[in-house]
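The values are calculated or read from the model by the stated rules, or taken from the named source; none is laboratory data. Quick caveat: nothing in here was measured; it's all calculated off a predicted structure. Note that we place each Cβ from the backbone using ideal geometry, even for glycine, and neighbour counts take in every protein chain shown. With ligands, DNA and RNA removed, areas are computed over all heavy atoms of the protein, side chains included. Shrake-Rupley method; radii C 1.70, N 1.55, O 1.52, S 1.80 Å.
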Amino acid sequence: MQVSVETTQGLERRLTITVPAESVDSAVKARLQQLAKSQRINGFRPGKVPVSVIKKRFGAAVRQEVAGEVMQQNFYQAIMQEKINPAGMPAFSLVKDEDGQDLEFAATFEIYPEVEVKGLDKVEVEKPVVEIKAKDLSEMMKTLQKQHADFKEVKRKAKDGDKVYINFVGTIDGEEFDGGKAEDFPLELGKGQMIPGFEDPLVGAKTGDEVVSKVTFPEDYHAEALKGKDAEFAIKINKVEGLNLPKVDDEFALLFGVKEGGVEALEAEVKKNMQRELDQTLKTLIKENVIAGLLANNELDLPAALVEQEVNALREQAKQRFEQQGNAANMPELPAELFTDNAKRRVSVGLLLGEIIKNNKLEVDQNRVDTLIEQTASAYEDPSEVVEYYKNNKELLQQIQNLALEEQAIDTILSQAKVKEVKKSFDEVMNKKA
């Protein structure tokens, strides 16, 4: 086998490979002999068909089949011989393929770029320092109250957060229009359920009041006939309901599965969950800062094959999300352009972190793996069962190991980066996440 390597453009390479004639011809001859034993052809007994007859009928197809196998086998031998690392599948083309002559073919493909990670000391990372304070816990408890609140009728004026039951009739130039009328319609104020301006006169109104709301339908409104039109709604308030928060007591704690310790135990559990979510958010924010700095200092020439592979993976993930939401039937064919930038970023990050792992001879830290599994399991009712499930599922365990190795690479960058600690509140960090 003779091999020549040519750089065509960028990361693209073309191997021209010559395979001795006898290697190809002997393989074709052996394949034809096998066919002669199994083919049934009129005028010949089974297994007694002359090879010359088989060659005349099947020779071209057999040689094509053998040539495909020869190209595959010799390509892999060639890249090992030349120490080349392809980044995707090759495109084969036959240059010469004739009986009794050497077979010559070309294989065109991309290689991985040479990655040299630099500028780690220039990476600037902001590390938020956050403490969960009493007011943060108090706000979270109020949020839990609201999640279990109900509405009860009140005799005061309506305000944002209330629910009002209304009759309304909409008119344009004094004429009623389709879809502009309802009776005893429930509306939560402040939710933005109606077009802009509709709720304005309702805030401050009370049961029995009649008000008029003047609005302009948006230009992108779904009903063609109403787009951009000025309208008036005559509204009567039938009832006002205010949010009724449950009392925070032992009974309230039971709603969250806290059977012993009452409110104090519930608050401890809530704070524990807040800390877990905060820790994960901080880890994600720091990782994003590190990766942004890494990419800013290391621009790579990316193999199109890897980017395309990542685009397909992202597209498949989007499809699965649509299916989970029950929208698969209405899902359009998503163009590659939607995912290209994200795919390029992910490929770049993968190559750079991979090089850091290799250069620093990082190996999976089992303690970190165990910690990651325990952190995931702690959110479930029976953590030990989840831990066992992860450790006995090869695919999930591999994912956790990959994540641990990635975190170790991030830590390596952090050890060389310029890290600045900044005090921030719980709200600041969690709202940034949102």
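Here are the numbers:
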{"quantity": "Probe 1.4 Å, accessible area per residue of the chain, Å²", "calculated": "63 Å²"}
{"quantity": "Length released on extending from H222 to Q2, taking residue separation times 0.36 nm less the Cα-Cα span", "calculated": "72.5 nm"}
{"quantity": "Relative contact order (percent, whole number), the chain, Cα cutoff 8 Å, 6+ residue spacing", "calculated": "18 percent"}
{"quantity": "Test item: Cα-centred dipole of segment 307-434, Lys/Arg +1 and Asp/Glu -1 on Cβ, debye", "calculated": "600 debye"}
{"quantity": "Positive-end residue of Q34, P90, A417, charge dipole of the chain with Cβ unit charges", "calculated": "Q34"}
{"quantity": "For segment 93-135: rounded, prolate or oblate by the Cα gyration tensor [a/c cutoff 1.5]", "calculated": "prolate"}
{"quantity": "Solvent-accessible surface (1.4 angstrom probe) belonging to Y221, in square angstrom, nearest 10", "calculated": "50 Å²"}
{"quantity": "Shape call, segment 35-164: gyration tensor on alpha carbons, a/c limit 1.5", "calculated": "oblate"}
{"quantity": "Of [x] -0.38, -0.63, -1.07; [y] -0.58, -0.75, -1.07; [z] -0.70, -0.94, -1.22, the label for log10 I(q)/I(0) by the Debye sum over Cα atoms at q = 0.07, 0.09, 0.12 Å⁻¹ derived from the coordinates", "calculated": "[z]"}
{"quantity": "The chain, accessible surface, carbon-and-sulfur percent (1.4 angstrom probe)", "calculated": "46 percent"}
{"quantity": "Solvent exposure, largest accessible area first (probe 1.4 Å, DNA, RNA and ligands not counted), of K236, K56, K191", "calculated": "K56, K191, K236"}
{"quantity": "Per-residue SASA entry for T376, accessible area with 1.4 Å probe, Å² rounded to 10", "calculated": "50 Å²"}
{"quantity": "Using alpha carbons only: equivalent-ellipsoid semi-axes of segment 292-363, gyration tensor based, whole Å", "calculated": "30, 14, 10"}
{"quantity": "R0 of 41 Å, Cβ-Cβ distance K181-K146: FRET efficiency to nearest 0.05", "calculated": "0.80"}
{"quantity": "Between 0 and 90°, nearest 10: helix 262-297 axis offset from the chain longest Cα axis", "calculated": "50 degrees"}
{"quantity": "Placed amide H near K181: partners under 5 Å, 5+ positions off or other chain", "calculated": "G170"}
{"quantity": "Where S52, S213, S138 fall by accessible area, highest first, once all protein chains stay in place (1.4 Å)", "calculated": "S52, S138, S213"}
{"quantity": "Degrees between helix 304-324 axis and first principal axis of the chain (Cα, 0 to 90, nearest 10)", "calculated": "40 degrees"}
{"quantity": "HN-Hα J in Hz across segment 376-390 - Karplus 6.51, -1.76, 1.60, θ = phi - 60°, x for Gly and Pro", "calculated": "5, 5, 5, 7, 9, 5, 10, x, 4, 5, 5, 4, 4, 5, 4"}
{"quantity": "Heavy atoms of R14: accessible area, 1.4 Å probe, square angstrom to 10", "calculated": "80 Å²"}
